[in-house]
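Beneath this line is the structure, given in structure tokens, with notes to follow.
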Amino acid sequence: MLASQACDTPIALVSLLDADRQWFKARVGLDACETPLNQSVCVHALKQRNTLVIPDLLHDERTSHSPLVTADPYLRFYAGARLENPNGVALGTLCVVDKLPRPEGLSEAQANALKALAGQVVAQLELRRAIMERDRALKAYHQAQQQMRADAVRCAALIRAQQAVSMSLGGIKPNISSILRDCLAAVPRADGAALITREDKKLTYDAAIGSAASQASAPKWSAVPFADLCMRTGQPFFSSDIFCDQRADPATVKLSSHRSLIIAPILRNGTNVSCLELCARLPGIFTDDDILTARLFAGVLGGIRME
């Protein structure tokens, strides 16, 4: 370390202090990487703006009882320049230490060098802080961009679905599978979607795409019991992991290839007539936005004209 060379000492430290400890973020000639604050010599350097020089730690009342002085490593000489950020907050010190006392302290050139190097340490700390703030800002920017793109995709998918439903009012039967594909586009974390309807008091899969198709074609397990609960209560059903959901039948739920599940009721003229299912193979994958989107698509599907 340059400070050790400039001041001709065997030990040099960049010491940062918090509420109860001091941490040696860079060190030469000392094995310890931290000490309790009540053993710190650097804490005294923070009390003054000028460089603190203690020619003999053993004969200074502030430090004579410190274990760093009375026991290994038996420190005797100390000179520390305060590290202060642009707001005037003391962060720690750049210090040089010797195991021999130095009655003469530091020369003027050495003191100036120590102070200049302390300024460089602060500059490096500020640069690191600025880089971290930049990285956080960039991360927030990219997240915002991703959210904007996701919102745009969601809106476009909803508009397509709404247009398909509007056409049904003119007598053109909408393609339910196409609407379900729009739903998957709006909720990309889902890998399956289905429309479950009630016919003759029985719930059946009216349409299914993606991983939900296996439930409709040859189900070892299906979401019908959850759909029934959804339709009876008129409230959306959500499970972040149906394997751990107490509402699931433990005897059959393990047969499911899905873990995350959203079921939104579809109302027509105020009556629950069917429901929209979104499923995913991974647990804990759906967000609040996904649940809201499922409800919006359920609202769109509720506008389909039925013959």
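The values are calculated or read from the model by the stated rules, or taken from the named source; none is laboratory data. All of these numbers come straight from a predicted model, not from anything done at the bench. Note: ideal-geometry Cβ built from the backbone for every residue, glycine included; neighbour counts use all protein chains shown.
Among the conditions (1) in contact with a helix residue (DSSP H, G or I) (Cβ under 8 Å, 6 or more places away or on another chain); (2) assigned to a loop (DSSP other than H, G, I, E, B); (3) not acidic (Asp, Glu), the only one that residue 196 does not satisfy is (2).
Selection of first residues in the stretch 260-275 that are in the same structural domain as residue 242 (by TED's automatic domain parsing) and charged (D, E, K, R) and of second residues that are surrounded by fewer than 16 Cβ atoms within 10 Å (Cβ to Cβ) and outside any loop (DSSP other than H, G, I, E, B), restricted to Cβ pairs under 9 Å at least 6 apart or on distinct chains, gives an empty result.
The set of residues in the stretch 129-171 being among the charged types (D, E, K, R) and either modelled with pLDDT of 95 or more or under 30 Å from residue 288 (Cα atoms) (or both) consists of 133, 134, 135, 136, 139, 149, 151, 154, 160. Selection of strands (runs of 3 or more DSSP E) fully inside the stretch 1-90 by the criterion of at least 1 residues being more than 22 Å from residue 115 (Cα to Cα) returns 21-28, 34-36. Count of the stretch 224-238 residues, restricted to those that are part of a strand (DSSP E or B) and farther than 15 Å from residue 212 by Cβ, is 1. For residue 45, the test of being small (Gly, Ala, Ser) and in contact with a helix residue (DSSP H, G or I) (Cβ under 9 Å, 6 or more places away or on another chain) is failed.
Here residue 196 qualifies as among the β-branched types (Val, Ile, Thr), at pLDDT 80 or above and surrounded by 21 or more Cβ atoms within 10 Å (Cβ to Cβ).
Considering the conditions (1) farther than 21 Å from residue 27 by Cβ; (2) assigned to a helix (DSSP H, G or I), residue 114 is excluded by exactly one of them, (1).
Only one of the listed residues (223, 251, 218, 208) is modelled with pLDDT of 85 or more and either touching a helix residue (DSSP H, G or I) at 6+ places or on another chain (Cβ under 6 Å) or of a type in the set (A, V, I, L, M) (or both). That residue is 208.
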